[in-house]
Every structure is written in C-alpha cells, then in structure tokens.
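S.K.: The structure is given below, and queries will be raised subsequently.
The values are calculated or read from the model by the stated rules, or taken from the named source; none is laboratory data. This structure is a prediction, so every number in the text was calculated from the model and none was measured. Quick reminder, even Gly has a Cβ in these numbers, built from the backbone with ideal geometry, and neighbours come from all protein chains shown. All accessible areas refer to the heavy atoms of the entire protein, side chains included, with ligands and DNA or RNA removed. Shrake-Rupley method; radii C 1.70, N 1.55, O 1.52, S 1.80 Å.
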Amino acid sequence: MDAIYEVHGLTKRYGRTAALNGVDFAVTPGKLVGLLGPNGSGKTTLMKISAGLLQPTAGSVIIDKVPVGVFTKAVTSYLPDRMALPTEFTADDAVSLYADFFTDFDKVKANAMLADLHIGGRDKIDSMSKGTQEKMQLCLTMSRAARLYLLDEPLGGVDPAARDYILSTIMHNYSEDAALMLSTHLIGDIEKVLDEVILLQDGKVLRQTAVDELREETGESVDAYFREVYKC
Ligand SMILES: Nc1ncnc2c1ncn2[C@@H]1O[C@H](COP(=O)(O)OP(=O)(O)OP(=O)(O)O)[C@@H](O)[C@H]1O
C-alpha cells in the first residue's frame, strides 16, 4: 500500500544543535503510530515541520503524495503540545473558528465530544484547567476528517479517568484511509492502541516496527522495552 506520510532525510538544526538528523520513515493508511523518544529527541520538531509550521534545514516531508505546503495543511489535523487558541475564546468560539477554517470539520461531532467531556460551550479557555484545555483541543483536532492526524502529547495533562475516553476518541475518529501519529511519554497507557512505533534518539530513527512484532521479539511491553533502550 502507498504511504500517506513519508519523511525523507529530514534534518533540522538550531545553531549547533541538530534536533533532527536525517530522519527517514513512511506510514501507510490505517495505522496508528506512536512517536516515542526521550526528552529532546526531536518529536515536537518533527511534528511541527510535518504540520508546515517550521522549515527543515534539509530533507522533505510528503503527505498524501504532496510536499508539505498549503494542500497538506488542509488534509493534516495537528494537535500542538500547547494551547494554540486565543485564551479569551469560549469553547463555542473555538468550534466556530475550526468550522470557518477547516472544510473537513464536523461541528456536530465536536459538540458531542465536548458534551461527553462536560465542557460547556460558554466555558472560557482561560478559566479551564490545563487538562480540560487539552481535552478541548483534542476534540477539535479529532473532529476533522483529515488524511493525517499529528497529535503531540495528547495525554500530557489528562487525568487517568479521562484517558480511556480520549484513547477511544482517538481510535474511533480516523478512517482507514487516514493515518495517525502521536507522541507520548505515557507509553503504558497508550501502547494497547498502537499499531506501530517509531523510536527516535538524538534526532535519528532508532527503529520503526509493528508493536506486535516488538512484543513477540522481546517478550516485553513497549513500555518496558523503552525503559531498557533509553536507560539513563
Ligand atoms: N526553538 C529552538 N531553539 C533551539 N533549540 C531548540 C528549539 N526547539 C527545540 N530545540 C532543541 O531541539 C531538540 C529537540 O527538541 P524537541 O522539542 O523536538 O524534542 P522532544 O522530543 O519533543 O522533547 P520532549 O519529549 O521534551 O517534548 C532539543 O535539543 C531542543 O533543545
């Protein structure tokens, strides 16, 4: 099957620091991929370049056969690792903004998810807790019918009781012709839903593998494998 998301020789330098150093991988449609790696391994940088928010130093990202640009932004739904909406907005304002901005946005779906999470339309972002802000942004991100979802730490501030709802929201809101890549440090919580993992280290891909194969080969969970590989 043709890849929906390809990364070729991707390099990003900040002065003398190479945040990414020749990253190559490809993801096919239908896959839910975990982008894993220790702090500073380049996960956010890779997501930002793929979302068209940052220019690489070298290399390319191809989404749905097109290099990152105006078209790919229209088919990529990106959840940043911090609040990207004006904090004076209410949840209703945020929904309206997404509806105006993205033609693939499903307002009914977004409102239903927000109601499930007890987020009121009139709730203001700056009076929501950090975790609630994250949940709201995730609802908006997953209410688009995109070809590629890029979620940077979707569970970071979310309490354990809400994590299962969030995980099922992630799993059930992308179609078989789309792919989803998420970064997380909460591997134990998320590995049950992952098809593949991409392990980053020092700006390079250490390994890309199917989760089932990794478990079979190592006889341990992805979480245990991660702790072993990246032991300080
Ligand atoms: N704007 C910037 N200026 C200089 N260096 C940066 C900048 N952004 C990131 N870096 C550096 O690039 C490297 C990769 O950072 P990045 O945020 O992509 O890592 P990460 O894997 O997302 O980390 P974390 O797990 O802590 O979120 C780090 O060494 C970081 O210090």
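S.K.: Set the Förster distance to 30 Å, then compute FRET efficiency between K107 and K192 from the Cβ-Cβ distance, nearest 0.05.
M.R.: The value I calculate is 0.50.
S.K.: Counting helices only, and only those DSSP H runs with n ≥ 4, report the 222 nm mean residue ellipticity of the chain as the sum of -39,500 (n - 2.57) divided by its residues, in deg cm²/dmol to the nearest 500.
M.R.: -10000 deg cm²/dmol
S.K.: Please work out the Cα convex hull volume for segment 8-52 and give it in Å³ per residue.
M.R.: 83
S.K.: Could you check the simple spin-label distance between D223 and R207, using points 7 Å along Cα→Cβ, in nm with one decimal?
M.R.: 1.8
S.K.: Among S127, S60, what's the order by accessible area (1.4 angstrom probe), most exposed first?
M.R.: S127, S60
S.K.: To the nearest 0.05, how large is the calculated FRET efficiency for D164 and A58 if R₀ is 41 Å and r is the Cβ-Cβ distance?
M.R.: Once rounded, the FRET efficiency stands at 0.50.
S.K.: Right, next: Using per-residue counts of other Cβ atoms within 10 Å, averaged over each peptide, order 64-75, 192-203 from highest down.
M.R.: 192-203, 64-75
S.K.: Straight-line reach only, C-alpha to C-alpha below 21 angstrom: list the lysines that K65 could link to, leaving out same-chain residues fewer than 8 apart.
M.R.: K31, K48, K73
S.K.: Taking a temperature of 10 °C and a viscosity of 1.306 mPa s, what whole-number D in µm²/s does Stokes-Einstein yield for segment 119-171 with Rh from Kirkwood over alpha carbon pairs?
M.R.: After rounding, the answer is 135 µm²/s.
S.K.: If you don't mind, another one. Just read off the accessible area of D116 with the full protein assembly in place, 1.4 Å probe, to the nearest 10 Å².
M.R.: The accessible area of D116 comes to roughly 90 Å².
S.K.: For H172 and R16, what is the calculated FRET efficiency with R₀ set at 41 Å and r taken between the beta-carbons, to the nearest 0.05?
M.R.: Plugging the Cβ-Cβ distance into 1/(1 + (r/R0)^6) gives 0.40.
S.K.: If you take the Cα atoms of the chain, find Rg, then find the Kirkwood Rh from the mean of 1/r over all pairs, what is Rg/Rh?
M.R.: Dividing the radius of gyration by the Kirkwood radius yields 0.96.
S.K.: Let me ask you something else. Among DSSP beta bridges whose residues both lie in the chain, state the antiparallel percentage, nearest 5.
M.R.: The antiparallel proportion sits near 60 percent.
S.K.: Which sequence of R207, R16 reflects their accessible areas, 1.4 Å probe, from the largest down?
M.R.: Reading off the accessible areas and sorting them downward yields R16, R207.
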